[in-house]
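The values are calculated or read from the model by the stated rules, or taken from the named source; none is laboratory data. Please read all numbers here as calculations on a predicted model, not as lab measurements. A quick note on method: Cβ atoms are made from the backbone with ideal geometry, for glycine too, and the neighbour counts reach across all protein chains shown. Side chains included, ligands, DNA and RNA excluded: accessible areas come from the protein's heavy atoms. Shrake-Rupley method; radii C 1.70, N 1.55, O 1.52, S 1.80 Å.
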Amino acid sequence: MSNLILILGDQLSHNLSSLKTSDKSQDRILMCEVWDEATYVKHHKKKIALLFSAMRHFADELRDEGWQIDYIKLDDDKNSGSFKGEVERALSRNTIDNIVVTEPAEYRVMEDVKKWSKEFDKTVEILPDDRFIATHKEFENWAEGRKQLRMEYFYRDMRRKTNLLMDGDEPEGGKWNYDSENRKPAKDDMFMPKPVQFEPDEITQEVLKLVEDKFADHFGDLEPFWFAVTHEQATEVLDYFLEAALPSFGDYQDAMLTGQKFLYHSLLSPYINCGLLDPLEVCKRVEAEYKKGRVPLNATEGFIRQIIGWREYVRGIYWLKMPEYVKRNFLEADNKLPDFYWTGETDMLCLREAIAQTKEEAYAHHIQRLMVTGNFAMLAGVDPHEVHEWYLAVYADAYEWVELPNTLGMSQFGDGGILGSKPYAASGNYINKMSDYCKNCRYDVKKKTGEDACPFNALYWDFLIRNEDKLKGNPRLGQVYRTWNKMDETKRDEYLASAKAFLASLS
Ligand code: FAD
Ligand code: DLZ
Ligand code: SF4
């Protein structure tokens with residue numbers, strides 16, 4: 001019996017379920033760079049380079065371990081351009097009894113794979129992806145019968161399951177969540193860790209040439225390219241994060257500073273999501289730093305919550321709600337995504353900074369994604385599907401299972417409140433509190449209306465009024481609507497006129 005094991009670009013883990021159950025001496029691995037995956041949205045050049053280089057390095061590691069591998073490069077002769085086409089070609093090259101694949105992380109690919117058994121007349125074994133902490137069944141059971149699917153309660157179950165930061169049956173320190181300690185603005189004289197950077201080796205250089213040649217019209221700067229592309233390098237990034245940034249991760253998690261792209265964030269998501277780092281192992285290393293007394297509890301808990309809480313939870317929501325989730329548009333927003341999301345050419349400094357670093361690094365941290373680019377798109381009434389496709393294309397860590405709930409749900413309120421209990425809508429005041437952007441912006445954050453006023457201020461009220469029918473029943477927005485109702489009528493008209501003029505200027 002010989003199996004064909006298909007390993008996808010985000011399955012670059014030695015402990016992958018399909019590898020654990022296979023036999024080096026008779027099974028054959030297929031890995032393939034395919035046009036369809038690189039272009040179903042036009043991914044950032046750096047993201048494609050990261051994946052192709054990491055795939056090639058991983059294939060070499062497996063070959064060194066004695067596996068037989070068919071590795072198909074993008075520019076190989078006869079590359080069909082799709083997973084299905086490459087499986088078909090592999091079946092014709094080799095004598096294969098069954099196809100084995102660890103479940104694809106994206107719905108689109110899973111639907112494709114499910115058809116192969118019939119199409120190829122072979123058994124297709126789809127194995128669970130046990131790099132995730134919760135199984136699909138566990139999430140479904142947790143969700144069953146609940147009126148609200150709040151992350152916090154799911155997270156507590158994941159703490160119990162993993163035993164991370166547990167003191168017997170109780171949470172370490174007596175509280176499950178230390179977020180209230182994690183909202184400090186940063187100052188520009190603080191020590192900032194510099195990300196670990198790697199020189200492209202020969203494999204990466206070949207990939208960089210390929211990406212420049214084939215994907216020149218995709219968004220983003222390809223070089224300088226310094227991502228980790230192997231497990232060893234990704235582990236160095238983790239080591240440095242634990243050493244230099246983790247102790248301050250909690251305190252400044254929501255802060256933004258001009259010219260500081262990374263602050264105390266880990267930069268680990270691209271590596272965790274493609275399999276170069278294991279999420280549970282990362283959390284154990286973080287917990288160990290707390291146990292050594294090097295890192296405070298608010299940072300440790302805050303970090304672990306992002307991974308075993310948010311990351312697992314958004315995956316659960318994705319698989320629970322797809323395929324209809326991607327079509328949701330609760331607020332019926334239908335404006336176009338402004339062009340400046342692709343060019344960064346806007347006078348709004350907060351947006352310019354977030355978009356410029358997205359173009360340069362394929363990275364922006366969570367609050368930039370949520371409260372700057374996400375908040376603006378929602379306030380401006382942009383179609384959430386367009387917003388989703390932008391996020392999926394521009395970030396090195398973006399895969400639909402994690403990006404879609406974060407974008408359409410958390411940041412755009414497109415799901416009507418499955419992920420968040422209210423829209424993350426904020427005026428310029430929030431950005432001013434959490435950043436130093438407003439000091440040097442051509443707009444005045446203190447001005448509420450008029451040509452020089454921060455656009456977020458009028459858009460905030462315009463958004464609430466535009467969507468009043470849908471949002472006024474939300475108990476968390478009652479106070480906001482009462483404030484509006486008490487406001488002087490002239491002031492209200494000025495807000496709406498300012499927003500209208502600004503939105504017109506966008507189109
Ligand atoms: P850190 O701030 O260091 O956080 C540590 C880790 O926690 C991350 O590496 C990540 O694995 C995990 N994490 C943190 N927040 C989340 C979250 N909300 N959902 C899932 N995991 C989380 N994350 C992605 O991995 N891929 C995406 O495509 C993605 N799209 C997003 C789109 C929007 C609109 C928003 C608001 C958030 C999105 N996130 C996404 C979540 C988050 O912004 C990124 O995980 C984080 O910025 C990655 O940078 P980091 O590794 O430095 O994270
Ligand atoms: C994101 C991506 C890209 C750009 N290219 C490839 C590829 O050529 N081959 C591959 O196996 N995977 C790629 N990926 C990752 C896949 O899109 C991802 O594995 C699926 O969407 C399932 O999550
Ligand atoms: Fe952004 Fe408004 Fe501040 Fe300018 S003033 S940086 S537009 S929040």
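Computed values, structure above
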item: Pairs with Cβ under 7 Å, 6+ apart, first in segment 241-260 and in a loop (DSSP other than H, G, I, E, B), second of a type in the set (V, I, T); result: D254/I367
item: Residue match in segment 58-77 (condition: within 12 Å of ligand 2 (Cβ to nearest atom) and under 24 Å from the mean Cα position of the chain (by Cα)); result: yes
item: Residue match in segment 482-493 (condition: in a helix (DSSP H, G or I), over 33 Å from the mean Cα position of the chain (by Cα) and aromatic (F, W, Y)); result: yes
item: Some residue of segment 154-164 being touching a residue at least 60 places away in the same chain (Cβ under 8 Å), open to solvent by less than 10 Å² (accessible area, probe 1.4 Å) and part of a loop (DSSP other than H, G, I, E, B); result: yes
item: Boolean, L408 is buried (at least 24 other Cβ atoms within 10 Å of the Cβ) and in contact with a helix residue (DSSP H, G or I) (Cβ under 7 Å, 6 or more places away or on another chain); result: yes
item: A377, sole failed condition from (1) within 16 Å of ligand 3 (Cβ to nearest atom); (2) in a loop (DSSP other than H, G, I, E, B); (3) among the small types (G, A, S); result: (2)
item: Those residues of segment 204-261 which are buried (at least 22 other Cβ atoms within 10 Å of the Cβ), within 23 Å of Y290 (Cα to Cα) and among the aromatic types (F, W, Y), in sequence order; result: F241, F249, Y252
item: Near pairs, Cβ below 6 angstrom, 6+ apart or cross-chain, from segment 372-389 (free of Cβ contacts under 8 Å to residues at least 60 places away in the same chain) to any residue that is charged (D, E, K, R) and surrounded by fewer than 24 Cβ atoms within 10 Å (Cβ to Cβ); result: D383/D334
item: Residue within segment 356-369 that is more than 9 Å from ligand 1 (Cβ to nearest atom), free of Cβ contacts under 8 Å to residues at least 24 places away in the same chain and not in a loop (DSSP other than H, G, I, E, B) present; result: yes
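Results for (1) open to solvent by less than 60 Å² (accessible area, probe 1.4 Å); (2) away from ligand 1 (no atom under 16 Å from the Cβ); (3) at pLDDT below 95, shown as yes or no for each residue.
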{"site": "L404", "(1), (2), (3)": "yes, no, no"}
{"site": "D415", "(1), (2), (3)": "yes, no, no"}
{"site": "L419", "(1), (2), (3)": "yes, no, yes"}
{"site": "C441", "(1), (2), (3)": "yes, yes, no"}
{"site": "D452", "(1), (2), (3)": "no, yes, no"}
{"site": "P455", "(1), (2), (3)": "yes, yes, no"}
{"site": "E489", "(1), (2), (3)": "no, yes, no"}
